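**Student:** Structure incoming, see below.
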Amino acid sequence: MQTGPAIIEHIPEWGDPWGHPRYYMGITARRIYAYLLDLVVVALLTGMAFVAAVILGALSFGLLWPALLVLLSLVPIGYHTLTIAGRRSATLGMRAAGIKVMSVAAGAEQNGGRPTLFQAMIQTVGFYGSIAATCTLILVVALFNPRRRAVHDFLAGTVVVNDPSQWGGPGR
């Protein structure tokens, strides 16, 4: 006879670092490499958006400058959110590094682990917000948990893992 409520948390295969360590081998270094590549991509996208903003701002005699500056600041957020929520669940840097973002939310297996657009947005905004507030010191949190999750991963209910399609696992 049970005396209290049983708490059983269902964790998908990719959320279990002890039972399936291949998802997490070398993930910290791969995440750093992927982010450095993504910095280059975001810089290029922001540069192209800046050129377009200068042209549009000049054509509007400066009336569009405030709106264009807001749109320019949304380039990195849009890039990360849309690529993480996309079919491959990874930014271009993540794809090159062989990693992807996967959801650990209830029912994530039904979608192959792909994060929702809302999860991707929370992860991205959480990332940029925490980086801005702590000057990247918040990323140290990832070194002290077995899934190598940063605060923005916890907030979004996601993990960053080695791409399981490398060995024919879930999330192909």
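**Student:** Considering only ILE32, VAL75, ALA156, whose Cα is most displaced toward the positive end of the charge dipole of the chain, charges sitting on Cβ of Lys, Arg (+1) and Asp, Glu (-1)?
**Tutor:** ILE32
**Student:** Just to be sure I understand, if you calculate semi-axes √(5λ) of the Cα gyration tensor in Å for this structure, which of [x] 35, 17, 15; [y] 22, 20, 18; [z] 24, 19, 16 do you get?
**Tutor:** Entry [x].
**Student:** May I pose another question? Using helices alone, I'd like the mean residue ellipticity at 222 nm for the chain: each DSSP H run of four-plus residues gives -39500 (n - 2.57), total over residue count, nearest 500.
**Tutor:** Only helices count here, giving -15500 deg cm²/dmol.
**Student:** Fully extended, how many nm does the chain gain between LEU82 and ILE55 (0.36 nm per residue separation, minus their Cα-Cα distance)?
**Tutor:** Full extension of this stretch gives 7.1 nm more.
**Student:** Please work out the FRET efficiency for the pair GLU13 and LEU63, using the Cβ-Cβ distance as r and a Förster radius of 41 Å; give the result to the nearest 0.05. Spell out each step's value before the answer.
**Tutor:** Numbers: r = 54 Å, r/R0 = 1.31.
Efficiency, rounded to the nearest 0.05: 0.15.
**Student:** Going through the DSSP H helices of the chain, which span 27 Å or more along their own axis at the Cα atoms while scoring at least -1.0 as a mean Kyte-Doolittle hydropathy?
**Tutor:** Numbers: long enough: 27-59 (47 Å, 1.85).
Those that clear 27 Å and a mean of -1.0 are 27-59.
**Student:** Still on this model: State to the nearest 20 debye the size of the charge dipole of segment 13-166 about its Cα centre, where the only charges are +1 on K and R beta carbons and -1 on D and E beta carbons.
**Tutor:** 200
**Student:** Applying 1/(1 + (r/R0)^6) with R0 = 45 Å to the Cβ-Cβ distance of GLU109 and MET48, what FRET efficiency is obtained, to the nearest 0.05?
**Tutor:** My answer for the efficiency is 0.75.
Bear in mind these aren't lab numbers, they're just calculated from the coordinates by the rules spelled out. Keep in mind the model is a prediction, meaning the values are calculated, not measured. Virtual Cβ from ideal backbone geometry, glycine too; neighbours counted across all protein chains shown.
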